[in-house]
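For reference, the structure is listed below as structure tokens.
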2 protein chains.
Amino acid sequence: MHSALRFIALDWGSTRLRAYCCELTPQQELVLLAQASGPGVVKIVGTFSDVLQQVIAPFVKQYGELPIFMAGQISSSIGWFETPYLNCPVTPQAILHSVCERISGQQSLYIMSGLRYQNPSGDNDTMRGEELQLLGLLRRYPQYLHGQHLVCLPGTHCKWVLLDNGYVSWFKSAITGELFDVLLQHSILLPKPATLYTDDWATFTAGCQRALTFPNESIVHALFSVRTKQLFDAYTASNARSYLSGLLIGADVGSILHDTKVESLPTGSIILIGSGALQQAYATALTQANQQSVLITEQEVVLAGFAAVANQTLLPLSCQA
Amino acid sequence: MHSALRFIALDWGSTRLRAYCCELTPQQELVLLAQASGPGVVKIVGTFSDVLQQVIAPFVKQYGELPIFMAGQISSSIGWFETPYLNCPVTPQAILHSVCERISGQQSLYIMSGLRYQNPSGDNDTMRGEELQLLGLLRRYPQYLHGQHLVCLPGTHCKWVLLDNGYVSWFKSAITGELFDVLLQHSILLPKPATLYTDDWATFTAGCQRALTFPNESIVHALFSVRTKQLFDAYTASNARSYLSGLLIGADVGSILHDTKVESLPTGSIILIGSGALQQAYATALTQANQQSVLITEQEVVLAGFAAVANQTLLPLSCQA
């Protein structure tokens, strides 16, 4: 019989670092002891090591040195320690066993590998971090091990994933979140001063509707309306920001639903993993496109994924001890 | 008989100010005496007035105070003096007579009005600056006063314009240039350090081809390949930059050629007004889409437009003198 396992789990993406101090009970229940946050891979100032030590300091102070697990862009070519990609189709077991050990100072870091999908025309797609969520999803909801399921994981780079009898068999990335961010901050579509925006669902829906109604209109054309809505339709900066979000998410959803791969799937709900306003935005867009979705909380599947990986990685070690 | 008219013409767009010191001979020939450049509307530091005085100082030193004409974003809501929009359809004569006089210090400034087009679904589109080029085009090439002609004016915001028996009857904006600029500078699709890029026409063509081959794929999906091409296909930063340009311009061209308005036009060459690599890029994309184009130099029609406006505005004044 094993005692409780404690570990630190880092979901370290492009724009955000989410750190969790976890305990896995002998009954395989995950207890979240503490959490913290920090800057994403493209936002850090200083070294990755310094940021890590600073973010986990409260955990270490209270619980001592703990094994550290990481997933996300931190293991990419623009991250800290680069790990390989597993080629799709891939099983949850392969994801589970893809953990690489890296040493920073005296500290062992256990880092997930990413996934790579090459489509028939030779183009590649990649993910880092979402594979952990997919693993967690399949652990928490084993019913998705059977049949075909389309999963949507919104974020800086939204991922659309096909689970085919438990295999991750196909996926496609959209830079929707990043595009929204750079246009909001750097384009002349919206006023420059860092306004405090509020979400406006009416203009979000209007943007979404436009993108879904005219699927053949590239957003390079549709986006100019973000400016003209402010000039002629009395849109405030907040209205325009939500309209921009609607245009981009509507284009993302509309384009994926017309993808030949997705069109060939049997009718069913899309599994929408996320949180807060972004998850709500995708759910709204899917509803507008007459597509049902099942909402699952991102943190739930992130932690379930880390629990599976920690259990797999650390239990043999503690057995040896 | 009139003596030569001298004036300063400012093509003051979002990203660039191009200043020309001009002389219009009694035979209506335009002589370019000198030229200069400066920052665009969204790039200026300090006041518009200071930038203006600094840029035209060499002209004033050599030729004394001269009447000043302006076109472009300088007359927009994010510019210096806002002028009205003329509603389309609009004639070249109306554009010619749209000049507004504004006073800065002791100086008269003659500023063009913009154009506005409202499509049947109520969405508005606008242009500022391109109306002057259209006026210049119709002055220099009066054959385009007859029949229907699609005109492409690439730039920060590319404009696609329908000339219908001399009327500007329809137009559509694409934020292609701005999108390229913000993604290049601020996205994680390309390496951050300000690399010195070189144009690469092979990867430009590859990007273009992808966008044209998959017209239903939104660029929010296609853009992620800018990153994976660097990860798996050995694209350098320069390759990837040109590929990004190809994806965006291909999406712009592909979407416009599938626009119902454009599809209803008789077959014919597109009039492509521009200069340098950008004009070449659009010509390449149009060729890939099996569409012929006629290339006309931007500066030629800008100056022809200003010549027409200066002649119209100043000749009555010089007659009175």
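The values are calculated or read from the model by the stated rules, or taken from the named source; none is laboratory data. In this text, all values refer to a predicted model and were calculated from it rather than measured experimentally. Positions of Cβ are generated from backbone atoms using ideal geometry, with glycine treated the same way; all protein chains shown enter the neighbour counts. In case anyone asks, the SASA skips ligands and DNA or RNA and just uses the protein heavy atoms, side chains included. Shrake-Rupley method; radii C 1.70, N 1.55, O 1.52, S 1.80 Å.
In nm, what does the list of distances from A:P142 to its counterparts in the other copies look like, shortest first, when each label sits 7 Å along Cα to Cβ?
With the label placed 7 Å along Cα→Cβ, A:P142 yields 8.5 nm.
Angle between the Cα long axis of helix B:130-140 and the longest principal axis of chain B, 0 to 90 degrees, nearest 10?
Long axis of B:130-140 versus the principal axis of chain B: about 70 degrees.
Identify which of B:F180, B:F224, B:F232 has the largest mean-square fluctuation in a Gaussian network model of chain B, with springs joining Cα atoms closer than 10 Å.
Most flexible of the set in this elastic network: B:F232.
Taking only Cα atoms and a 10 Å spring cutoff, compute GNM fluctuations for chain A and point out the largest among A:G254, A:G129, A:G64.
Highest fluctuation of the listed residues: A:G64.
Could you pull the accessible area for A:V41 with a 1.4 Å probe, rounded to 10 Å²?
For A:V41, the solvent-accessible surface is approximately 10 Å².
Would you please report the Å³ per residue occupied by the convex hull of the alpha carbon atoms in region A:174-297?
Working: hull volume 12.9 nm³, N = 124.
In region A:174-297, the Cα convex hull volume per residue is 104 Å³.
Other chains' Cβ within 10 Å of A:207-219 residues: what's the mean?
Partner-chain Cβ atoms within 10 Å, mean over residues of A:207-219: 4.
Evaluate the protein assembly as shown: find the radius of gyration of its Cα atoms, find its Kirkwood radius, and give the ratio Rg to Rh.
Working: Rg = 28.4 Å, Rh = 27.0 Å.
Here the Rg-to-Rh quotient is 1.05.
Using all Cα-Cα distances in region A:64-191, what percent lands in each 10 angstrom bin from 0 up to the longest?
Answer for region A:64-191: a P(r) of 12, 38, 31, 16, 4, 0 percent.
How large is the helix-only mean residue ellipticity at 222 nm for chain A, computed as the sum of -39500 (n - 2.57) over DSSP H runs with n ≥ 4, divided by its residue count, in deg cm²/dmol to the nearest 500? Could the numbers behind the result be given before it?
Working: 11 runs with 129 residues, N = 321.
About -12500 deg cm²/dmol.
From Cα coordinates alone, what are the radius of gyration and Dmax values for region A:251-314 in angstrom?
14.8, 45
To the nearest 10 degrees, how steeply does helix A:298-320 sit against the main Cα axis of chain A, on a 0 to 90 scale?
Helix A:298-320 sits roughly 20 degrees off the main axis of chain A.
Label B:N216 and A:Q280 with points 7 Å out from Cα along Cα→Cβ: what is the distance between them in nm?
The two pseudo-label positions are separated by 3.3 nm.
Using θ = phi - 60° and the Karplus relation 6.51 cos²θ - 1.76 cosθ + 1.60, list the HN-Hα couplings for region B:104-120 in order, rounded to whole Hz, with x at every Gly or Pro.
These are the phi-based 3J(HN,Hα) values: 10, x, 9, 9, 7, 10, 9, 10, 5, 8, x, 10, 10, 10, 10, 7, x Hz.
So what is the relative contact order of chain A, in percent, for Cα pairs below 8 Å that sit 6 or more residues apart? Mind showing how you got there, number by number?
On the way: 605 pairs, mean separation 48.7, N = 321.
Relative contact order of chain A: 15 percent.
Could you put A:H186, B:H97, A:H258, B:H149 in order of accessible surface area, largest first, with the 1.4 Å probe and the full protein assembly present? If you can, show how the numbers build up before the last one.
Numbers: A:H186 65, B:H97 120, A:H258 95, B:H149 40 Å².
Descending order: B:H97, A:H258, A:H186, B:H149.
Compute the angle between helix B:48-63 and the longest alpha-carbon principal axis of chain B, please, reported from 0 to 90 degrees and rounded to the nearest 10.
Helix B:48-63 sits at roughly 60 degrees to that axis.
Using R₀ = 25 Å, calculate the FRET efficiency as 1/(1 + (r/R₀)^6) where r is the Cβ-Cβ separation of B:N119 and A:Q185; round to 0.05. Walk me through the numbers on the way to the answer.
Numbers: r = 29 Å, r/R0 = 1.16.
Given R0 = 25 Å and the Cβ-Cβ separation, E is 0.30.
Of A:K43/B:K43; A:K159/B:K229; B:K159/B:K229; B:K192/B:K229, which ones are farther than 23 Å apart at the Cα? Intermediate results must be reported in sequence, preceding the final value.
Values: A:K43/B:K43 25 Å; A:K159/B:K229 18 Å; B:K159/B:K229 30 Å; B:K192/B:K229 16 Å.
In this structure, A:K43/B:K43; B:K159/B:K229 lie more than 23 Å apart at Cα.
Could you compute the FRET efficiency for A:K261 and B:Q312, with r as their C-beta to C-beta distance and R0 at 51 Å, rounded to 0.05?
Details: r = 59 Å, r/R0 = 1.15.
Given R0 = 51 Å and the Cβ-Cβ separation, E is 0.30.
How much accessible area does B:I175 have with a 1.4 Å probe, in Å² rounded to the nearest 10?
Probe radius 1.4 Å; accessible area of B:I175 about 0 Å².
Which value, in debye to the nearest 20, gives the size of the charge dipole of region A:174-297 about its Cα centre, when Lys and Arg are +1 and Asp and Glu are -1 at the Cβ? Numbers along the way, then the final one.
Details: 6 positive and 9 negative charges, 45 e Å.
Using only the charged Cβ atoms, the result is roughly 220 debye.
At what distance in nm do the modelled label points of A:Q35 and B:T198 sit from each other, each positioned 7 Å from its Cα along Cα→Cβ?
5.0
Which one, B:Y282, A:L24, A:V161, is farthest towards the positive end of the dipole of the protein assembly as shown when Lys and Arg carry +1 and Asp and Glu -1 on their Cβ?
Positive-most Cα among the choices belongs to A:L24.
Considering only A:S14, A:S49, A:S225, give the residue with the highest GNM mean-square fluctuation for chain A, with springs between Cα atoms whenever their separation is below 10 Å.
Checking each option, the largest mean-square fluctuation is seen for A:S49.
For A:Q35, what residues show an amide H to amide H distance below 5 Å, using hydrogens built from the backbone and excluding near sequence neighbours?
When sequence neighbours closer than 5 places are left aside, the close amide H contacts are A:C21.
Relative to the other copies, what are the label-point distances for A:S275, with labels 7 Å from Cα along the C-beta vector, expressed in nm at one decimal and sorted shortest first?
Shortest to longest, the spacings are 5.2 nm.
How big is the dipole moment of region A:183-235 about its Cα centre under a simple scheme where the beta carbon of each Lys and Arg is +1, that of each Asp and Glu is -1, and everything else is neutral? Debye, nearest 20, please.
Working: 4 positive and 4 negative charges, 32 e Å.
In debye, rounded to 20, region A:183-235 gives about 160.
So for region B:152-232, what are the equivalent ellipsoid semi-axes in whole Å, largest first, each being the square root of 5 times an eigenvalue of the Cα gyration tensor? Present the calculation step by step, with values, prior to reporting the outcome.
Values: eigenvalues 168, 50, 29 Å².
Here the semi-axes work out to 29, 16, 12 Å.
Hey, rough spin-label estimate for B:S104 and B:Y63, points 7 angstrom out along Cα→Cβ, what's it come to in nanometres?
Computed distance between label sites B:S104 and B:Y63 equals 1.7 nm.
B:Q53 label points, 7 Å along Cα→Cβ, one per copy: pairwise distances from this copy to the rest in nm, shortest first?
Ordered by distance, the counterparts are at 5.5 nm.
Output wanted: per-residue J couplings in Hz (rounded whole) for region B:143-150, from phi through Karplus 6.51 cos²θ - 1.76 cosθ + 1.60, θ = phi - 60°, x for Gly and Pro.
Per-residue couplings from phi come out as 4, 7, 6, 10, x, 9, 9, 8 Hz.
Once you have the Cα-Cα distance between B:S269 and B:N290, take 0.36 nm times their residue separation minus that, and quote the gain in nm to one decimal.
Contour length minus Cα-Cα distance gives 6.5 nm.
For region A:57-105, take the alpha-carbon Rg, divide it by the Kirkwood Rh, and send me Rg/Rh.
My calculation puts Rg/Rh at 1.06.
Based only on the alpha carbon positions, what is the Kirkwood hydrodynamic radius of chain A, in angstrom? The partial results should precede the final answer.
Numbers: mean 1/r = 0.0481 Å⁻¹.
Roughly 20.8 Å, rounded to one decimal.
Would you please give the residues with an amide H less than 5 Å from that of A:D233, counting only those at least 5 places away or on a separate chain, with H modeled from the backbone geometry?
HN-HN under 5 Å from A:D233: empty list.
Once you charge only the Cβ atoms, +1 for Lys and Arg and -1 for Asp and Glu, what is the size of the charge dipole of the protein assembly as shown about its Cα centre, to the nearest 20 debye? Intermediate values should be presented prior to the final figure.
Details: 36 positive and 46 negative charges, 108 e Å.
That gives the protein assembly as shown a dipole magnitude of about 520 debye.
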